[in-house]
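The values are calculated or read from the model by the stated rules, or taken from the named source; none is laboratory data. It should be emphasised that the depicted structure is a prediction, and the values quoted were computed from it without experimental measurement. Note that we place each Cβ from the backbone using ideal geometry, even for glycine, and neighbour counts take in every protein chain shown. Just the protein is used for accessible areas: all its heavy atoms, side chains included, with ligands, DNA and RNA removed. Shrake-Rupley method; radii C 1.70, N 1.55, O 1.52, S 1.80 Å.
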Amino acid sequence: MNYILFDGTVRNALLPFTFTRPVADIRIGILTIREKWEKHLGSTTTTLTEEYLSDKFPMVEMEENVMINASFLPNDILVEMVCSLEKNQAIFHGEEVIAFFTNDTQEEVDFDTYEIIEFDEECMKIEHTWDIFAKNDIALREDFELITEGRLSQPIPKSVNVLSLENIFIEEGAKLEFVTLNASTGPIYIGKNAEIMEGSVIRGPFALCESGRVKLSSKVYGATTVGPHSVIGGEVSNSVLMGYSNKGHDGFLGNSVLGEWCNIGADSNNSNLKNNYEEVRLWSYETEGFARTGLKFCGLMMGDHSKCGINTMFNTGTVVGVSTNIFGSGFPRNFVPSFSWGGASGFTTYLTSKAFQTAKIVMARRQVEFTEEDAKILEHVFEITKKYRKE
């Protein structure tokens with residue numbers, strides 16, 4: 001069967017992360033949503049997403065296709081139902097479609113003509129940016145079971161202090177000596193060729209993905225995910241770095257999400273709790289206002305290719321768009337539009353020519369090419385976010 005993951009109704013609520021990727025390629029837990037579905041299905045997937053993203057994330061359509069709403073995370077029951085779908089059948093959870101069987105001759109789908117199958121079991125859905133860290137605990141535990149089932153961990157070095165050995169899994173090529181791993185609070189996964197440097201103390205649930213690094217004497221609280229080729233240092237709590245991002249120095253990052261190719265300067269900190277302990281409101285691109293999160297703890301949401309200088313201070317519930325460059329003293333405002341350059345004293349437009357030059361250098365350091373597809377995506381983001389910047 002040909003499986004296609006589509007963005008669903010939540011795409012705008014997941015900006016700025018979905019400016020540069022489909023919903024399916026958001027990382028939560030250890031894996032991206034796409035990787036979860038592919039592992040459960042035993043099949044590759046393609047993507048139905050925004051047109052400007054389709055060159056980099058194409059859709060492959062065949063005679064018969066099962067379309068899956070990428071905002072729903074797979075579990076065994078749901079996957080079994082998806083794999084059992086037949087022509088003109090659709091799975092719904094309340095008012096929202098999870099998956100449906102279609103063919104390439106259908107120009108549009110009319111669910112009134114479909115047999116509707118209700119999914120009444122519990123399942124995880126990613127609806128808001130803050131869900132990525134708020135639901136990371138559950139997602140990480142589920143991914144740990146999925147990835148490690150029936151497999152043996154590499155041996156834990158003798159110099160490592162360990163609690164709950166059975167909840168720790170180390171992949172081939174990982175390096176760690178003289179560190180403390182406390183997996184009594186949740187599983188700890190250390191990916192292929194990853195490194196945890198001496199003196200670091202980690203409480204699960206925690207995932208360090210392939211070629212990720214934890215620097216000397218870091219303090220990490222769960223549920224935290226460090227995506228592939230990402231680096232953390234200092235103090236990190238309940239945060240997700242999607243991949244290729246750096247928070248390599250002292251400073252605090254908590255209840256936060258960083259996209260790809262982000263960099264947090266030395267001694268930078270984010271607040272994750274308001275002084276009056278009230279509910280945190282977070283900028284929503286969907287409503288173009290500040291949305292209730294229902295959370296007391298909520299930190300920084302930073303889109304791809306954004307960076308901040310040393311000693312940057314972020315207020316509770318700050319949203320930073322794509323390709324921003326923040327520096328200077330004081331707190332920048334708690335919504336920083338994409339392609340902004342500046343800080344608390346004000347912002348100017350970060351021109352694409354300069355932003356692309358930096359992106360090429362940064363990506364080349366990790367042997368990744370900044371492609372024409374990448375440039376076109378960021379140019380489109382630059383245009384559609386103009387209204388948020390003071391030109």
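What residue, of THR352, THR348, THR324, THR316, is of a type in the set (S, T, N, Q) and in contact with a helix residue (DSSP H, G or I) (Cβ under 8 Å, 6 or more places away or on another chain)?
THR352
Where in region 1-113 are there strands (runs of 3 or more DSSP E), lying fully within it, with 1 or more residues that are under 29 Å from LYS376 (Cα atoms), aliphatic (A, V, I, L, M) and open to solvent by 10 Å² or more (accessible area, probe 1.4 Å)?
Numbers: elements: 2-6, 45-48, 64-69, 89-93, 96-103.
Qualifying strands (runs of 3 or more DSSP E): 45-48, 64-69.
Name the single residue that is least open to solvent (accessible area, probe 1.4 Å) among those in region 282-313 being farther than 17 Å from ASN12 by Cβ and basic (Lys, Arg).
So the first thing to find is which residues in region 282-313 are farther than 17 Å from ASN12 by Cβ, and the list is 294-300, 302, 305-313.
Then drop every residue that is not basic (Lys, Arg), which leaves 296, 307.
Details: LYS296: 110, LYS307: 34 Å².
Per the criteria, the residue is LYS307.
Residue check: is ALA375 aliphatic (A, V, I, L, M) and either open to solvent by less than 40 Å² (accessible area, probe 1.4 Å) or under 20 Å from PHE57 (Cα atoms) (or both)?
yes
With over 18 Å from GLU127 (Cα atoms) and among the acidic types (Asp, Glu) as the only criterion, which of GLU50, GLU38 stands out? So that I can check it myself, show each step before the final result.
Details: GLU50 fails: over 18 Å from GLU127 (Cα atoms).
Result of the check over GLU50, GLU38: GLU38.
In region 253-292, what count of residues is obtained for those that are within 22 Å of ASN136 (Cα to Cα), out of contact with any helix residue (DSSP H, G or I) (no Cβ under 8 Å at 6 or more places or on another chain) and among the polar types (S, T, N, Q)?
Total meeting the criteria: 4.
Check ASP143 against each of (1) among the charged types (D, E, K, R); (2) surrounded by fewer than 18 Cβ atoms within 10 Å (Cβ to Cβ); (3) under 12 Å from ALA207 (Cβ atoms) and name the one condition it does not meet.
(2)
This table checks each residue for (1) assigned to a strand (DSSP E or B); (2) β-branched (Val, Ile, Thr); (3) closer than 26 Å to GLY317 by Cβ.
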| site | (1), (2), (3) |
| --- | --- |
| ARG151 | no, no, no |
| PRO157 | no, no, no |
| PHE169 | yes, no, no |
| GLY173 | no, no, no |
| TYR189 | yes, no, no |
| ALA207 | yes, no, yes |
| LEU216 | no, no, no |
| VAL220 | yes, yes, yes |
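Do we have ASN167 as over 20 Å from ALA24 (Cα atoms) and crowded, with 18+ Cβ neighbours inside 10 Å here? Before the answer, list the steps.
Values: over 20 Å from ALA24 (Cα atoms): yes; crowded, with 18+ Cβ neighbours inside 10 Å: yes.
So ASN167 fits the description; yes.
If you scan region 314-335, which residues turn out to be in contact with a Pro (Cβ under 9 Å, 6 or more places away or on another chain) and either open to solvent by 20 Å² or more (accessible area, probe 1.4 Å) or in a strand (DSSP E or B) (or both)? Break it down into steps so the answer makes sense when it comes.
So the first thing to find is which residues in region 314-335 are in contact with a Pro (Cβ under 9 Å, 6 or more places away or on another chain), and the list is 314-315, 318-322, 324, 326.
Correct list: PHE314, ASN315, THR318, VAL319, VAL320, ILE326.
Of all residues in region 194-210, count the ones that are touching a residue at least 40 places away in the same chain (Cβ under 8 Å) and under 13 Å from GLY227 (Cα atoms).
Total satisfying the criteria: 3.
When region 336-372 is examined, which residues are found to be of a type in the set (Gly, Ala, Ser), open to solvent by 30 Å² or more (accessible area, probe 1.4 Å) and either within 20 Å of LEU15 (Cα to Cα) or more than 24 Å from the chain's Cα centre (by Cα) (or both)?
Of the residues in region 336-372, the ones of a type in the set (Gly, Ala, Ser) are 338, 340, 342-346, 353, 355, 359, 364.
Going one step further and asking which of them are open to solvent by 30 Å² or more (accessible area, probe 1.4 Å), we end up with 344-346, 353, 364.
Selection gives ALA344, SER345, GLY346, SER353.
Of the residues LEU253, LEU216, LEU208, which single one is farther than 24 Å from ALA355 by Cβ, buried (at least 21 other Cβ atoms within 10 Å of the Cβ) and of a type outside the set (Gly, Ala, Ser)?
Every option except LEU208 fails the conditions.
Step by step: first the residues of region 380-391, then only those that are open to solvent by 60 Å² or more (accessible area, probe 1.4 Å) and touching a Phe, Trp or Tyr at 6+ places or on another chain (Cβ under 9 Å), then the one that is farthest from ASP55 (Cα to Cα). Which residue is that? Before the answer, list the steps.
Here is the first cut: in region 380-391, the ones open to solvent by 60 Å² or more (accessible area, probe 1.4 Å) are 380, 383-384, 386-387, 390-391.
Filter once more, so that each one left must be touching a Phe, Trp or Tyr at 6+ places or on another chain (Cβ under 9 Å): 380, 384, 386, 390.
Details: HIS380: 13, ILE384: 18, LYS386: 23, LYS390: 30 Å.
Filtering region 380-391 for residues that are open to solvent by 60 Å² or more (accessible area, probe 1.4 Å) and touching a Phe, Trp or Tyr at 6+ places or on another chain (Cβ under 9 Å), the one farthest from ASP55 (Cα to Cα) comes out as LYS390.
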